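The block underneath contains the structure these notes are about, expressed in structure tokens.
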Amino acid sequence: MLLLALDTATPAVTVALHETAPEAGGALAVAEAVDARRHGELLLPAVDRVLAEAGRALAEVDAVVVGTGPGPYTGLRVGLATAAALGAARSIPVHGVGTLDALAYATGLDEPFVVATDARRKEVYWARYADARTRVAGPAVDRPAEIAAEVAGLPAAGAGALLYPEAFTGAREDLPAHASAAALAALAGERLAAGEELPGPTPQYLRRPDARVPAGYKAVTRG
């Protein structure tokens, strides 16, 4: 099965083409760029790039896998809308996988640890894991100081952990900081091979978007 995976829930715009057949060796091509302000501009060119690099066509893709966050509203919806459009155009399934779960999978750890990404507003999106495949708490959004006692001393991956080392005392720079579509696709492929039914691309926003209607706004009507 040929999977096209993409994620825009973190500052990374990441795309991967992944073949689930064991003899294919997993990721055929990967494109990644870290730029929190250019998700929409960078995503589709990255899709074209991985297809070209792998020598495959979009018509050969069997399913799309997209990171469902949690993540900032604007960035996250770029990936979700693109995945939905690609799936509709090809009439193929679109599977959702949690971005924190994919980041955890990429660590390869077999011990308890946490993952945290930057949620802005001096908060983090985070989850706790028993190992790289098993989430035991979260995802949630909190201020680092509010969860410091819960995460102290545990190995911690993700840009959120690196941003607040006073709370994530086990933050490790050798672990992934951002989402990886290669890990997203590998995790999805593993679950599909095990017969699991993956959820659809439902976003995990966890909080309201930053954009709000201004207070005191008055509608203008024509007389």
Fill in: Sole exception among (1) crowded, with 21+ Cβ neighbours inside 10 Å; (2) in a strand (DSSP E or B) for L43, by number
(2)
Discussion item. If a residue must be farther than 13 Å from L4 by Cα, open to solvent by less than 60 Å² (accessible area, probe 1.4 Å) and of a type in the set (V, I, T), how many such residues does the range 62-80 contain?
Written reply: 2
Fill in: Qualifying position, being crowded, with 23+ Cβ neighbours inside 10 Å, part of a helix (DSSP H, G or I) and either modelled with pLDDT of 95 or more or out of contact with any Pro (no Cβ under 7 Å at 6 or more places or on another chain) (or both), among A83, A106, A59
A83
Item to complete: From R143, R90, grab the single residue that is surrounded by fewer than 19 Cβ atoms within 10 Å (Cβ to Cβ), of a type in the set (K, R) and in contact with an Asp or Glu (Cβ under 7 Å, 6 or more places away or on another chain).
Response: R143
Worksheet entry | Which numbered condition A88 misses (of (1) out of contact with any Leu (no Cβ under 8 Å at 6 or more places or on another chain); (2) farther than 16 Å from T14 by Cβ; (3) in contact (Cβ under 8 Å) with a residue 60 or more places away in the chain; (4) of a type in the set (G, A, S)) | (3)
Worksheet item: Quick check: is even one residue across the range 123-143 touching a residue at least 24 places away in the same chain (Cβ under 8 Å) and part of a helix (DSSP H, G or I)?
Response: no
Practice prompt. Scan the range 190-210 and give yes if some residue there is part of a loop (DSSP other than H, G, I, E, B), over 16 Å from P11 (Cα atoms), aliphatic (A, V, I, L, M) and in contact with a helix residue (DSSP H, G or I) (Cβ under 7 Å, 6 or more places away or on another chain), otherwise no.
Written response: yes
Worksheet item: With T169, T134 as the choices, which residue is more than 18 Å from G71 (Cα to Cα), open to solvent by 80 Å² or more (accessible area, probe 1.4 Å), modelled with pLDDT of 95 or more and polar (S, T, N, Q)?
Response: T169
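The values are calculated or read from the model by the stated rules, or taken from the named source; none is laboratory data. These figures come from a predicted structure and were not determined experimentally. Using ideal geometry, Cβ is built from the backbone for each residue, glycine included, and neighbour counts are taken over all protein chains shown. These area figures cover heavy atoms from the full protein model, side chains too; ligands, DNA and RNA do not enter into them. Shrake-Rupley method; radii C 1.70, N 1.55, O 1.52, S 1.80 Å.
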